[in-house]
Each structure stands twice: as structure tokens, then as C-alpha cells.
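Structure first, then comments.
Coordinate-derived values only; no laboratory data. In this text the structure is predicted, and so the values were computed from the model without any measurement. In this analysis, Cβ positions are derived from the backbone assuming ideal geometry, glycine residues included, and neighbour counts consider all displayed protein chains.
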Amino acid sequence: MGLVGLALLAGGLILPARSARRALASRLEATELENARAGARAKQLESERRESEVVLSSVRGHLMVIDPSYHIERCYSNELDNVFHQDGRVSENLLNVLQRILSERMFKTSRDYLALLFDPSKKERTVLKVNPLDEVEVDVMSADGVPSLRYIHFSFRRIIEAGAISRVLVTAEDVTERATLERHLRDSENQKVRQFELLIGILHVDPEALDGFVQLANEQLAAIDQALKASDFSSATSGQTALLRQRLDLVLQRIHNIKGNASLLRLEHFDQKANEFEQKVCDLKHRGALGGDDFLMLVIALADFRSDLDSLQILRVKLAGIQRAVEIRETVGDDLVTAIRDLAATIAKKLGKEVRIDAHGFDTRGLPADRRLIVKDVLIQLIRNSLAHGIESPDQREAAGKPRLATIDIHPLPDDASDDFAFSVRDDGRGLDAAKIRQRAIESGLLAGSRVEEVDDSEIASFIFAPGFTTSDQATTDAGRGMGMNIVKDRIVDRCGGEITVNSEVGRFCEFAFVLPAKSATLAAAAR
Amino acid sequence: MKRAPKRILVVDDSDLIRRTIRRTVATPEDTIETASNGVDALKAVVHFDAELVTMDISMPLMDGLTCLEGLLKIRPNARILVISALKDKPTAVEAVKRGAHGFLLKPFSTEALNFEISELLLN
């Protein structure tokens, strides 16, 4: 624009020269020469102008140069015209533009910031780092008068002339697309967090009950939707207030029903959500006058509730998939046996031993949950003991003429005449070392030295169930603290009134057999 | 590239950040003092002629902007690097306006911190 102005000025110089032709004939030649030069200059300027237009049209956004009083000297733009041009005029000062698009606090900060840009005592690097205008939200009115929210990125560069900051180059770029994407990303992150919290909140609920809740809530929400849409609330007059209140009562009933069901299932999120919704409706009900805007709030809350319910439904479907997978695994076998196998493999590896678990026909799935837990505790303990004390290293086993791979055999001891659960656990290790047990029993005071010759091997075996008894010299996580067999006795005998028998042959095997009464320990004790 | 020994004051309410800055910035020849809030920082510079100060802008007891001004009043020649996790842009602009010589956004890498420090000591 400035360049075009300059070209016209050059052309205009010839007019006074022509009017004075007669008197200044001698200067004609010189004037014409000047004219020709000016024409050439104009042509050159015109081509430069075209060139810079080509360059500038490829610039996305807005390029400005501002002077120390923030006056916009030059302005090139192919975008954002409606931000910088008020009523088709170019804004003369950047401060005016900023005042129009910024909040008061941000405007004050920006004014300070422009001062810093022109302050030679502040380093440009530091100043550029604290740019407060790197993402500004602006309401932009399009040509057809539709407002839209845009994000504008301002950046600044000092122009140094003769060692001083003469001007600042300002670029303004529409970054709405990028900013919107970033916000979407953040929203979806938040959505994920919320879904996870929802998931935690529904894990305890029976899937069928959850289905029931989703169905009921959907029906009630549809009814609420109907009640809120049924009439045109924006035309509501005072005469219709009674009708509006009636509708609110309907909404209240429905939401209260959802709330009741949510709290029954301990779906805390939905309980709370319904409660908030209920509160909103109550507030409206007790207000003097009602208008269309009041209901808008409810419509928004309704949409929010529905979105959560949709999330719940999605989670419910995913959860059903997981539960099915778990059920399929269970039909393959007793997961307790799988867990025991894993445990044995882990401990064996740690101790440098080799073992296989033979649990053919052993199944605890028919047991009540509390009995299953006891069996689990007992098996864990016996597996640890076998691997720590009974089972030898592969080399030792080979030397003793045994297979390198040891076997722990877990099998049921069925009895048609009884509901009691009986089973045995047998390893083919070195068996109980009676001499060592005897010695430790004396050392720990369980056995008086005078009685040593009296006790037989079956009494010796009972010492291993005493608290703190161990034949190990060192305690590890797998054995040695001497509490393991005491726990076994506590579970089977003390809690359930069951029985334990021990059978062992030195160098060949050690076998424990258990009977777990179907009746509880207290009943068994009372019956005695 | 060895620089001359400096007297450095590290102001931050986080012990971890103080340690990190100390480990990253200081050479064995430097003299280092630390403060965990603005009041202690001002007390420190009364007897300690700090040449370089790194400080958090959001700290307990005294806001960072006030502390910044106080520090410069007592030690006008100190170079101050503001290190902050602040998302609040007006406060950042205000810090530079009141005399901060450098600005570094938390979380920062040790490279970024070293670069800022060398920039600060350059002029």
C-alpha cells in the first residue's frame, strides 16, 4: 500500500513541469528525462510490489511492523482481517486491537509486555520467553455475521537499527485448528480417567443387576427427555407456570427412581449424579417464576447424565467379555491347582530343584469359599515345606538312585459315606529326619532329655506342628521360621475340627493326609 | 569451558529442586547458599553477596515477585533466573518487568538450566 503511494507521487511530479513549459523551455529536456526516470522507477516499484504481494500472500496470517508507540506502520494480511480491521479500517494502534480482543487483566499484561519489547535493558530472549499472547481466544465475526471462537498466536521480533530497537515485527497467526486438537486430546484424556473411575465403581455389581440398572435408567431418562421437550418452554408465560411445575414433578419422580436404584446397587457415581440432578429440579420448583432458560439447565444436566450412562453401558459390555473369559478358564480346571503349580515352579527354580505337581482328580471347586481358602493355605505351606526340606537337589536325587525330577502328588481321598473333604499331599523326597527332629525338640525344650528314649517316631512327627519348630538353620521366605506347619494345624484342627496324619519313610517319601469336616469348627466342637 | 567461581543463591521451596539446581549448576569452586522461602532468601543476601540467584516464583511466606524486588534492592548487581512451573502468564511478564534477567519454565532439563545460567553470566 505504501509502495503504491510512492509510485503515484513520482508520476505527479511532471504536471507542474508541463504547465511551465513555455517559461522553462530550457528545463523541458531535464523534466522529460526525469519523467522517463520516474516512469522507469514506477515500473520497478510496481514489479517489486507484485513480488512482495506474492511473498505476502503465501504468509498465513498477519504481519505487522509497530513503532515504539505501538502504531502499526505496515500491515500485510490475507487472514484475520476481521480481527484487525474495525469497520473496514486498519486499526492504527496495536493497543487498540488488543484492548478489543483481550480481557482487562490480559490487556494490562500485554501493555506491559509491549513496553518490555521496546526496553533495551531487557534481553530479547528473556522477553520472548514470557510472551503472554502465544494463544489468545478471540470471538471472530465472519463476513455473514456468524461469530466463531478462534485461537490466535502472536509472536514478536525486535528490529534493531543503528544499535537501537526501532520497531517490532509482529506476526499473528490463526492456530485454531491446532489449539482445538490439543483441547480435544485433553478432553479425551479426562474422559478416560472418568471411565476408569466408573469402572472401579461397578466392579462389585453383579452384571445382570447392572444390565437392569442401565435399562431402567435409560427408560427414565427417556421419560424425562419427553417431559422437558413436550411443550415449548420458551413461550412459557406466568399462566403456564402451573403446567411447568407439573412437569417438574414428573421429572422429579423419574430421577428419584434412578437414584434409589443406584444406591441399592451402591453405584455411588450415579447415586450422587442423580442426587445433584434432583437438587437442581427442586431448586427450580421452589422458584417464583419459571422461564425457558431455567429448563435449558436441566436439558444440559440430562445430556451429561446420559453420557455417563452410555459410558457405563460400554464398560458393562467390556466387563461381560472379561467375565466370560474367566468362566471359560474355570471350566478347564481348578484355578487353585493352577496357582499351586505356578507357586511350586517359582520356588523350585529359586532353590535349584526340579519338581512336577500331580493333582489328577483333585478339585476344590465344589467346596464352600471358606473351606477352599483353608485348602489353599495348607497347600501353599506344604509345597513350601516339601521343596525346602523334603525334596533333594537333582544331583542328590540322582546319586540316591531317584529320578532327577521330583513329584508332589496331591490327590483326593473320597469317601461316599461322608461329606467331609479329605485329601493327601505326598512328596518323594528324603522323608522326615526323625533324628534331627528329636535333637531340635530337645534343644527347643519341647522334649525333656529324660524322655528321649521313651518317645516313638509317631510322637516325634507331632513336634513339627509346634509353633516356631524348624529343622532349618536359616530362615528364608520359603521356610525356616517354623510357623508353617503350625498354621496348617491351626487351620485344619483348631478352626475346623479336622484331622491330620503324617506318614513318612526315610529316603523315600513324606505324606500328609487331611480330613476337613463339612461342618464348621464350632458345630463340631459343640457336637463333641 | 570453565567459568570463574561464583557466589550463588538457590531459592526454592522444594528440597529436591534445590539439590538438582545445586548439582547441575555449581562447580566445586563456587560458594552456594540455599533458601526455602522468600523471607530466608532476603535474610541470606544481607550477609551473602550473591552474584547469581535462581528462584521459584511461587513460594510460601512471601510471593516471588516481592522477593525478586527485595533481592535486587539489596544486591542490585545480582543476576536473577526465575524458575517456575507457572501457567499464569501475567506473573511471568511481571517478573521480567521487575528485573528478572532470565526465565525458565518447570519442568526443565539440566541442559536447559545450564544454558540459561551461561546466558545469564555472559553479560
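Results, tabulated for the structure shown:
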item: Overall form of segment A:345-486 per C-alpha gyration tensor (a/c, 1.5; a/b vs b/c); result: oblate
item: DSSP bridge orientation in segment A:334-457 - percent antiparallel, rounded to nearest 5; result: 55
item: Helix-derived mean residue ellipticity, 222 nm - over chain B, DSSP H n ≥ 4, -39500 (n - 2.57), to 500; result: -13000 deg cm²/dmol
item: Cα centroid of segment B:81-110 to Cα centroid of segment A:381-424, whole Å; result: 69
item: Shape of segment B:1-82, Cα gyration tensor, a/c cut at 1.5; result: oblate
item: Those lysines that a straight Cα-Cα span of less than 21 Å connects to B:Lys87, excepting residues fewer than 8 apart in one chain; result: A:Lys108, A:Lys129, B:Lys97, B:Lys106
item: Magnitude of the charge dipole, segment A:128-265, Cβ model with Lys/Arg +1 and Asp/Glu -1, debye to 20; result: 400
item: Cα→Cβ-extended label distance, 7 Å offset, between A:Glu276 and A:Asp225, nm; result: 2.1
item: Cα gyration tensor, segment A:113-200 - rounded (a/c under 1.5), prolate or oblate; result: oblate
item: Label-point separation, A:Leu405 to A:Asp112 (7 Å along Cα→Cβ), nm; result: 7.8
item: Shielding of A:119-132 by partner chains, average beta-carbon count, 10 Å; result: 5
item: FRET efficiency for A:Glu268 and B:Asp88, using Cβ-Cβ distance with R0 set to 30 Å, rounded to 0.05; result: 0.30
item: Candidate lysines - alpha carbon under 23 Å from A:Lys349, same-chain residues fewer than 8 apart omitted; result: A:Lys376, A:Lys402
item: Förster radius 45 Å - calculated FRET efficiency between A:Asn96 and A:Ala40 (Cβ-Cβ, nearest 0.05); result: 0.65
item: Extended-chain gain in nm, criterion 0.36 nm per residue less alpha-carbon gap, A:Arg105 and A:Ala369; result: 88.5 nm
item: Approximate spin-label separation A:Ser47-A:Asp416, in nm, with each point projected 7 Å along Cα-to-Cβ; result: 11.5
item: Computed E for A:Glu208/A:Ile314 - FRET, C-beta separation, R0 25 angstrom, nearest 0.05; result: 0.90
